1. Condition first: within 25 Å of E429 (Cα to Cα), more than 19 Å from the chain's Cα centre (by Cα) and outside any loop (DSSP other than H, G, I, E, B). Now tell me which residues in the range 300-324 satisfy that.
2. Among the residues of the range 443-459, write down those that are surrounded by fewer than 18 Cβ atoms within 10 Å (Cβ to Cβ), in contact (Cβ under 8 Å) with a residue 12 or more places away in the chain, more than 16 Å from I77 (Cβ to Cβ) and in contact with an Asp or Glu (Cβ under 8 Å, 6 or more places away or on another chain).
3. Among the residues of the range 217-233, what is the count of those that are within 20 Å of the chain's Cα centre (by Cα) and either surrounded by fewer than 24 Cβ atoms within 10 Å (Cβ to Cβ) or free of Cβ contacts under 8 Å to residues at least 12 places away in the same chain (or both)?
4. Do we find that L418 is assigned to a helix (DSSP H, G or I), free of Cβ contacts under 8 Å to residues at least 40 places away in the same chain and not β-branched (V, I, T) in this structure?
5. For the range 153-170, give me the residue count where each residue is out of contact with any Asp or Glu (no Cβ under 8 Å at 6 or more places or on another chain) and either under 18 Å from L474 (Cβ atoms) or at pLDDT below 95 (or both).
6. May I ask you to list the residues in the range 286-316 that are among the aromatic types (F, W, Y) and surrounded by 24 or more Cβ atoms within 10 Å (Cβ to Cβ)?
7. For the structure I just gave you, tell me whether S182 is modelled with pLDDT under 95, within 30 Å of S303 (Cα to Cα) and loosely packed, with under 15 Cβ neighbours inside 10 Å.
8. When the residues of the range 185-201 are narrowed to those that are charged (D, E, K, R) and part of a loop (DSSP other than H, G, I, E, B), which ends up surrounded by the fewest Cβ atoms within 10 Å (Cβ to Cβ)?
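The values are calculated or read from the model by the stated rules, or taken from the named source; none is laboratory data. A quick note: this is a predicted structure, and the numbers were derived from the prediction, not measured. Heads up, the Cβs are rebuilt from the backbone with ideal geometry, glycines too, and the neighbour counts pull from every protein chain shown.
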Amino acid sequence: MKKYIKILTLGGALAMSACSDLLDTEPRQSLTPESGFADASGYQSLVLATYGKVRSFNYYGQTMMIAPDILADNLRIIANTGRYIGQEANADRAHINLWDFSNTNNFRGIYSGINEANILLEGIEEVEGDESLKNRVKGEAHFLRALFYFDLSRVYGYEPGREVNGWDRSVIIRTTPTLGFSDADFRARASNREVYDLIESDLQTAIGLLPTAETGTSAVYRASKGAAEALLARVYLYDAKYAEAAAMATQAMATFGLSDSGEGLMSPTEYVAGFSTFPNPESLFEIEIRSNDWSTVDGVNNSVCSLTSNVFSSAQFIVTASDELLATYEEGDVRRDTWTATTRSGADGTVYRSEKWTGSKGDFLENLPIIRAAELYLIRAEARFRTGDAAGSRADLSALRTNRGLEAVESGVTGDQLFNLILTERRVEFALEGHRFFDLKRNGLDITKHANFEDVPYSDYRILAPLPQEELILNETLEDNPGYN
């Protein structure tokens, strides 16, 4: 255990220059070698700190909520602050960078979170402690590692079976801790199949180790059995394992007490207010953010609220709903009410602020639901469609739509019409929740754009993000994605 104490308490950053996949672990100032990592409780403290990685502004705290909608057709820029301008135009190398972004919130790229998960999984076996606590910590580490690798894989690689010209490279796999120079090595990128196999294995393991949680309670602020089931259902959908996706979505619904008819979803009168309720009534996994998690300027400079709304006078308010998104909502759809008409200095005409992200905890502060109950119905609807169960697909869509103020799906809706309706429901349900670009990409579809921006063909190299140039220089075994050479 001493090697873990040393790396976790002595400041621990591996001075590996640009090679950020040879990982750092930040110091935990509140823990000591004697008390912090002597038993399972110390490792629980580390796993709780690892959750903090997820709220980084370069991850779900901002980028993964906003960028996927700007890379596609849901959002448009209304103020040029330098942010997301390249992504709106799908400019060369303007994408999402999860590999080595700057050290924000003590988080230098997703690989540092992966390393902490690896430290947890290896180190906790060496300490004393209650077995149920140890199992929970291990389950959370497996869940978080799966989430980190899933997001890396969908940014930097194609989904298995959707490769263009046979390109199947994904990201570097590391499943053991990097604690010092002797552990560091340079590795090539694994295949997308290898990465997905690891993600699915991690989540299957997590399901067997984690406790259950109830929606509407603070238990959703940590990984649970149901959250792992829901994430695995999502992963199976991306992996085109449609029967497994439908079955796992059903299993997650049962775990959370969601009925086939939609009981457990927010009603039309609850929907908008639900995003100012903590936890969100539909959250299956939600990142809690508290005032002591931010500095005094973080909110105004970096929060999702600041970038998407003007409820505070000092907000950035640089993005709004595209005309194409607004035209997609059906009459009576309560989800349209998550956009409120307003104005912005320097922007022509009416623009729309988000009512999902309004900083309702004060000073731009709010929680971020990462997985919501609505997704299970939409995962199962799509998976059922893909496996020939059109009636089941329509039933899942109807369960959601009737809780959003809309009519059930008519029995005659089949084929392409049904599939397009599924994508449309996902588009309006998850606007500003980071799904749109990936929903098009994982289905092998062109990336549609708003206004005069040209669509991005699925075969275009810009579908995948480039690897950081510094990494490529330092690690000769790495090969960049095609088109970036």
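1. S306, V319, T320, A321, D323, E324
2. D446, T448, Y458
3. Selection size over the range 217-233: 5.
4. Yes; evaluated as a whole, the condition is true for this residue.
5. 1
6. Answer for the range 286-316, where residues must be among the aromatic types (F, W, Y) and surrounded by 24 or more Cβ atoms within 10 Å (Cβ to Cβ): there is none.
7. no
8. D185
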